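The structure appears right after this line, and notes come after that.
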Amino acid sequence: MSTQEEETWDDDENTIKFLVASDVHLGYAEKDAKRGHDSLVAFEEVLQIANKEKVDFLLLGGDLFHENKPSRKILHGCMALLRQYCMGDRPCQLEFLSDQSVNFGHSRFPYVNYEDPNLNIALPVFSIHGNHDDPAGSGNLCALDLLSAAGLINHFGRHPSLDKVEMSPILLQKGRTKLALYGLGSIRDERLHRMFVRKGVTMLRPRENQDEWVNILTFHQNRVKHGEKNYIPEQFLDSFLDLVVWGHEHDARGLERNDVQDFIVLQPGSTVATSLAEGETLPKKSIPGPSQAVQKDEVRSHPAPDSAPVLPEGHRPL
């Protein structure tokens, strides 16, 4: 890379830098005497890396919680960590351009938390829900909605319709860089597969200057084929996307280019192992690089420090 390119990427005023993590599964094996704290320890390290790297936001790809109704101990631990690491005086440099009442229309407080005058947010967190912590029951709520009501995270990507999905992106800008962030919380794969086949999934785009936007989709579905309709083929996704953050799959595969669709897939994997599957044996890190930087229509991974495993030395999840 030339010196000029290095200077361009060192231009913090025009670079959006964010950390990606997925499938944190807070509360997994919480009653195990040896492993009970691993999921919270791993999540705390994710937040520590986000603060150390001074990212503009943290993006979570679903399954923050292992259980749909997490215990009070786990919910309290999560809220304490978010309050400790996400609140502070560091100003957020992201300008929010889209209609917040559309992006967070399901919320009692339909606006991004860092613009709330009653809160002091230093590290915004944007999260979709996964299949473990999806909305259900009376009020169609989930644990993420509790965190959202407390002003700790921004829960987006909820699409309750059983017949169609219309994704309206979160539009962010920092300096000259514009980011369109799409989110789709977990939907039963067979149902979503059928929606795609029937052209029932729509991704709305900014009306003007569409080529100026970096387009990112946060997704939580089967990527591996488990049956004819029990997964989502990558070719179903729109080719205008630049990056797909693919949650749900627990093996950390990092950045992979889809040459047919001409976008990059980032599969960060889980931060804690929850099974004896072969993919769970891979090193657990937030992603192969702890942050992504976007500038105009480029996406670049920043290498993780060698000393940043998600699980601390001496803790083996299995």
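The values are calculated or read from the model by the stated rules, or taken from the named source; none is laboratory data. Values in this document were obtained by computation on a predicted structure and should not be read as measured data. We place every Cβ from the backbone using ideal geometry, glycine too, and count neighbours over all the protein chains shown. When the accessible area is computed, the model is the full protein with side chains, heavy atoms only, and any ligands, DNA or RNA have been set aside. Shrake-Rupley method; radii C 1.70, N 1.55, O 1.52, S 1.80 Å.
Residue-level analysis places L82 among those that are assigned to a helix (DSSP H, G or I) and under 17 Å from the mean Cα position of the chain (by Cα). For the range 157-177, which residues satisfy the criterion of being closer than 13 Å to F104 by Cα and of a type in the set (A, V, I, L, M)? M167, I170, L171, listed by residue number. Set side by side, the residues L179, L162, L171, L184 differ, and just one is touching a helix residue (DSSP H, G or I) at 6+ places or on another chain (Cβ under 9 Å) and either charged (D, E, K, R) or more than 14 Å from D134 (Cβ to Cβ) (or both), which is L171. If you go through the range 115-147 and keep only what is surrounded by 24 or more Cβ atoms within 10 Å (Cβ to Cβ) and touching a Ser or Thr at 6+ places or on another chain (Cβ under 7 Å), you end up with I128, H129, G130, L144. Screening R257 against (1) within 20 Å of the chain's Cα centre (by Cα); (2) of a type in the set (K, R); (3) under 30 Å from D99 (Cβ atoms) leaves a single unmet condition, (3). Pick from V24, V46: which is among the aliphatic types (A, V, I, L, M), closer than 29 Å to V165 by Cβ and in a helix (DSSP H, G or I)? Matching residue, one of V24, V46: V46.
I need the full set of residues from the range 86-106 which are part of a helix (DSSP H, G or I) and either open to solvent by 40 Å² or more (accessible area, probe 1.4 Å) or out of contact with any strand residue (DSSP E or B) (no Cβ under 9 Å at 6 or more places or on another chain) (or both), in order please.
S101, V102
Restricting attention to the range 148-158, the residues being open to solvent by 10 Å² or more (accessible area, probe 1.4 Å) and among the polar types (S, T, N, Q) number 1.
Looking only at residues that are part of a loop (DSSP other than H, G, I, E, B) and among the small types (G, A, S) in the range 205-260, which one is surrounded by the most Cβ atoms within 10 Å (Cβ to Cβ)? The residue in question is A252.
Look at the range 42-61: where a residue is closer than 17 Å to L144 by Cα and a partner is open to solvent by less than 10 Å² (accessible area, probe 1.4 Å) and part of a helix (DSSP H, G or I), sitting 6+ places away or on another chain with Cβ atoms under 6 Å, you get L58/A50. Name the single residue, out of those in the range 27-43 being assigned to a helix (DSSP H, G or I) and either among the hydrophobic types (A, V, I, L, M, F, W, C) or at pLDDT below 95 (or both), that is surrounded by the most Cβ atoms within 10 Å (Cβ to Cβ). Of everything passing the filter in the range 27-43, A42 is surrounded by the most Cβ atoms within 10 Å (Cβ to Cβ).
When you look at P303, is it modelled with pLDDT under 70 and either of a type in the set (A, V, I, L, M) or under 28 Å from D38 (Cβ atoms) (or both), yes or no? Here the answer is yes, as P303 does meet what is asked.
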